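Input: a single structure, listed below in structure tokens.
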Amino acid sequence: MFMTGSVILPPAKQPVSVKSIVDTNRLLFEQNVEALDEAEELLQSDGPQEDAWALIAPEAEAERLDGELDREQLNEKEIEVEIPELDTFSRKTKKDMILK
């Protein structure tokens, strides 16, 4: 059907080959297909490449990893800062108590 089929797309009145439509769309949307296919094959066969940035600037990479570790540790700890002006629950209960 792909190779021999044809369709009539409005506003055209003549049938157009499905293969020609598909080929036109491939030219528009499939950019660098060969390079992308090769990169995908390399990734599947060899796995992810080493991080070149870590080899070029090991100090910067160490700082980045330390920063990630610090963020993880901060996320694990629940940090509660008591700011009375921002504590809407206690303000609401105090108002309720005053009104009673």
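Spin-label model, residue 68 to residue 29: label points 7 Å out along the Cα-to-beta-carbon direction sit 3.4 nm apart. With K and R counted +1 and D and E -1, the other residues having a Cβ less than 12 Å from that of residue 58 yield a net charge of -3. Net charge within 14 Å of residue 3 by Cβ-Cβ distance, Lys/Arg positive one each and Asp/Glu negative one each, not counting residue 3 itself? Surrounding charge for residue 3 is 0. Computed from the C-beta positions of residue 45 and residue 8, the FRET efficiency with R₀ = 41 Å rounds to 0.35.
Read the figures in this text as sums done on the coordinates, not as results from a lab. What you see is a predicted model; the values in this text were computed from it and never measured. All Cβ positions, even for glycine, are placed from backbone atoms using ideal geometry, and neighbour counts span all protein chains on display.
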